[in-house]
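Beneath this line is the structure, given in structure tokens, with notes to follow.
The values are calculated or read from the model by the stated rules, or taken from the named source; none is laboratory data. Quantities reported herein were computed from a predicted structural model and do not represent experimental measurements. As a convention, Cβ positions derive from the backbone with ideal geometry for all residues, glycine included, and neighbour counts pool all protein chains shown.
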Amino acid sequence: MLEIEKLVKRYRTGDMALKGIDLVVPDGQVMALIGPSGAGKSTLIRCVNRLVEPTSGAIRLNGTNLVALSTGELRKARRKLGMIFQEYALVERLSVMENVLSGRLGYVGFWASWFRRYPDTDIEEAFRLLTRVGLDHMVDKRADELSGGQRQRVGICRALIQNPELLLVDEPTASLDPKTSRQIMRLIRELCQERGLSAIINIHDVALAQMFAERIVGLRLGEVVYDGPPTGLTAEVLTTIYGEEDWAATMQKGGDDDAGDEASDDTPARAPRSHDDTHPTFDRDRMAGLT
Amino acid sequence: MTESVVHSPRRWRKPPLIASPLVRWGLVLAVALYLAAALGTVDVNWKRVYEGLPRGWQFVAAFFPPDFSSRWSEIYDGILESIWMTVAATVVGVSLSIPVGIGAARNLAPAPVYYACRAILAVSRSFQEIILAIFFVKLFGFGPFAGFLTIAFATIGFYGKLLAEDIEDMDPKQAEAVKATGASWLQWINYGVQPQVMPRMIGLGLYRFDINFRESAVVGIVGGGGIGATLNTAFERYEFDSAAAILIVIIAIVMLVEYSSGYLRRWVQ
């Protein structure tokens, strides 16, 4: 269980990114965090694993206050926080397998990682995860040879091999086409269900958030302005989160199958990658939850 | 009136770099005057130049034909010495510049380490190899050890600075993702930073090897050993034909290193 208490982040420029956030994420809950650009979504999830240092407040993961940890303790705590990034953030010149195994860095010693001598159980788990997402045939490909959807699946494996207690997911679909976006979101949700894992997913796409999350939290200017079920996102609620706009189209398409990129007009980098995830073998697609 | 303005084609010119025409032309005039004055102080005695021409020609003619045989064992020893100086200095210099380069990258190092490493790089880069060589020859005496130190020291400045700059230009997201897994600092460097800078570093290492071989010929002239010492001896003995042979050997080796390092660098990308 993740408990966030009066979390404040003030950047050195003086900008108040988070103005006292209180939030509880129970075990096994997939929560979507929505809000306009600059609302503090990214800052909030980065405060949890302290890629951004919080100014004040407390963040407790199963009782441990992450904000108070020393550098060494923080390293140990980060192992339990899997993170999936916008635009994948794979190390491009490392192979798929090396990228996945880098999720174990917190568990192995320096020389073992330097010589890529990971324990057999880690290698086995890496193969198992890559098979699960349908990429076991690409272990020795360099990460930059993969398509967007494939890269994000490697990113998911890297986070899961950490054996995390919580997934922090930052705009997982920001540069993917609508179909791949749905596949990735579906995969994340399924994996969370399989492992009873809770997740915080930052996402611009309201329709996707409604489709795949059990709970939606709306952030505006560093404050929680909505916290409730996906069905509660009425036009008035969306107006409080994002500001005045004709929300009719978004609302209609919310549950509809043709939604996707309509609702996210502030993510311009949607490269059309239509045939990314079409693999010859039906089995792999099924395994990856792509059917 | 307005009618004609609308119909005439509109003109556009690139705005001048310096807006005021007075300042602009004044600057041009000042530069021209200074250049003329400077050339005027170079006192060339054309008569003497003319008289010296045949002697110059004799000097050039003395280089031909190049004589490889009479001093071959000295040339051979000098070349071998230069090559080991180059190899040793490149390996040692690059190895030493890795920690300095990492420390001099603003996105990796805390401020005190950053300033200390930048200072090391600045010192190493502020002296030309000849000056360093004279210094090291005074310190350690004549011979290839002084030359080796000179080249290794100069390599630190070159390689460390370029490494630091390459690290500063890396993609922070890839490094951040590795940090988020709970990696230690060294693991973070090995997984998040090293893969990003490696191809360029290998290329620069080969390029520096290339430079170091040429430097090894120069430092010999001031007593740093190697082929440069052999070349200097040949000049002092007025054995211009042997000197020509040495120059040809140096050119051949530089070309060989140039082509092979170019080939290797393409292969690394």
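Quick check: is even one residue across the range B:144-154 in contact (Cβ under 8 Å) with a residue 60 or more places away in the chain, within 14 Å of another protein chain (Cβ to nearest Cβ) and assigned to a helix (DSSP H, G or I)? No, the range B:144-154 contains no residue that is in contact (Cβ under 8 Å) with a residue 60 or more places away in the chain, within 14 Å of another protein chain (Cβ to nearest Cβ) and assigned to a helix (DSSP H, G or I).
Across the range A:83-101, the number of residues qualifying as more than 8 Å from chain B (Cβ to nearest Cβ), modelled with pLDDT of 90 or more and touching a Lys or Arg at 6+ places or on another chain (Cβ under 7 Å) comes to 4.
Residues checked against (1) at pLDDT below 90; (2) over 18 Å from the mean Cα position of the chain (by Cα); (3) surrounded by fewer than 15 Cβ atoms within 10 Å (Cβ to Cβ); (4) among the hydroxyl-bearing types (Ser, Thr, Tyr):
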| residue | (1), (2), (3), (4) |
| --- | --- |
| B:Arg71 | yes, yes, no, no |
| B:Leu80 | yes, yes, yes, no |
| B:Arg118 | no, yes, no, no |
| B:Leu121 | no, no, no, no |
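Given the structure, is B:Val219 within 21 Å of the chain's Cα centre (by Cα), under 23 Å from B:Val137 (Cβ atoms) and surrounded by 15 or more Cβ atoms within 10 Å (Cβ to Cβ)? Yes.
Restricted to the range A:18-37, and to residues that are β-branched (Val, Ile, Thr) and buried (at least 18 other Cβ atoms within 10 Å of the Cβ), which residue is farthest from A:Met185 (Cα to Cα)?
Quick first cut of the range A:18-37, residues β-branched (Val, Ile, Thr) only: A:21, A:24-25, A:30, A:34.
Remaining after also requiring buried (at least 18 other Cβ atoms within 10 Å of the Cβ): A:21, A:25, A:30, A:34.
Details: A:Ile21: 25, A:Val25: 19, A:Val30: 11, A:Ile34: 15 Å.
This residue is A:Ile21.
Within the set B:Arg237, B:Arg208, the sole residue that is charged (D, E, K, R), surrounded by 18 or more Cβ atoms within 10 Å (Cβ to Cβ) and away from chain A (no Cβ under 14 Å) turns out to be B:Arg208. Might you let me know whether the range A:106-113 holds any residue that is modelled with pLDDT of 90 or more, within 11 Å of chain B (Cβ to nearest Cβ), part of a loop (DSSP other than H, G, I, E, B) and more than 30 Å from A:Val25 (Cα to Cα)? Taking every residue of the range A:106-113 in turn, at least one turns out to be modelled with pLDDT of 90 or more, within 11 Å of chain B (Cβ to nearest Cβ), part of a loop (DSSP other than H, G, I, E, B) and more than 30 Å from A:Val25 (Cα to Cα). Among the residues making up the range B:155-168, those that are away from chain A (no Cβ under 14 Å) and either surrounded by fewer than 23 Cβ atoms within 10 Å (Cβ to Cβ) or farther than 30 Å from A:Val91 by Cβ (or both) are B:Gly157, B:Phe158, B:Lys161, B:Leu162, B:Glu165, B:Glu168. Among the candidates A:Gly40, A:Gly63, A:Gly57, the residue that is more than 23 Å from B:Leu186 (Cα to Cα), crowded, with 17+ Cβ neighbours inside 10 Å and over 22 Å from the mean Cα position of the chain (by Cα) is uniquely A:Gly57. Considering only residues in the range B:180-192 that are more than 7 Å from chain A (Cβ to nearest Cβ) and in contact (Cβ under 8 Å) with a residue 12 or more places away in the chain, the one that is farthest from the chain's Cα centre (by Cα) turns out to be B:Trp188.
Just a yes or no: is a residue in the range A:120-133 in contact (Cβ under 8 Å) with a residue 24 or more places away in the chain, polar (S, T, N, Q) and more than 9 Å from chain B (Cβ to nearest Cβ)? There is at least one residue in the range A:120-133 that is in contact (Cβ under 8 Å) with a residue 24 or more places away in the chain, polar (S, T, N, Q) and more than 9 Å from chain B (Cβ to nearest Cβ).
Kindly indicate whether any position in the range A:153-167 is of a type outside the set (Gly, Ala, Ser), surrounded by 24 or more Cβ atoms within 10 Å (Cβ to Cβ), within 29 Å of A:Leu33 (Cα to Cα) and more than 14 Å from chain B (Cβ to nearest Cβ). Checking the range A:153-167: at least one residue is of a type outside the set (Gly, Ala, Ser), surrounded by 24 or more Cβ atoms within 10 Å (Cβ to Cβ), within 29 Å of A:Leu33 (Cα to Cα) and more than 14 Å from chain B (Cβ to nearest Cβ). Of the residues making up the range A:125-145, those that are part of a helix (DSSP H, G or I) and of a type in the set (Asp, Glu) are A:Glu125, A:Asp136, A:Asp144, A:Glu145. Scanning the range A:66-78 for residues that are surrounded by fewer than 22 Cβ atoms within 10 Å (Cβ to Cβ) and within 7 Å of another protein chain (Cβ to nearest Cβ) yields A:Arg75, A:Lys76.
Would you check if A:Gly28 is farther than 22 Å from A:Ile241 by Cβ, more than 14 Å from chain B (Cβ to nearest Cβ), out of contact with any helix residue (DSSP H, G or I) (no Cβ under 6 Å at 6 or more places or on another chain) and touching a residue at least 24 places away in the same chain (Cβ under 8 Å)? Quick ask: steps written out before the conclusion?
Working: farther than 22 Å from A:Ile241 by Cβ: yes; more than 14 Å from chain B (Cβ to nearest Cβ): yes; out of contact with any helix residue (DSSP H, G or I) (no Cβ under 6 Å at 6 or more places or on another chain): yes; touching a residue at least 24 places away in the same chain (Cβ under 8 Å): yes.
Considered against the rule, which asks whether it is farther than 22 Å from A:Ile241 by Cβ, more than 14 Å from chain B (Cβ to nearest Cβ), out of contact with any helix residue (DSSP H, G or I) (no Cβ under 6 Å at 6 or more places or on another chain) and touching a residue at least 24 places away in the same chain (Cβ under 8 Å), A:Gly28 comes out as yes.
All told, A:Arg117 falls short of being part of a loop (DSSP other than H, G, I, E, B) and either touching a Pro at 6+ places or on another chain (Cβ under 9 Å) or within 10 Å of chain B (Cβ to nearest Cβ) (or both).
In the set (1) within 25 Å of A:Ala89 (Cβ to Cβ); (2) among the aliphatic types (A, V, I, L, M); (3) at pLDDT below 90, B:Leu132 fails one condition alone, (1). Just one residue in the set B:Tyr50, B:Tyr34, B:Tyr76 is surrounded by 10 or more Cβ atoms within 10 Å (Cβ to Cβ), more than 27 Å from B:Ala217 (Cβ to Cβ), among the hydroxyl-bearing types (Ser, Thr, Tyr) and without any contact (Cβ under 8 Å) to a residue 40 or more places away in the chain; that residue is B:Tyr34.
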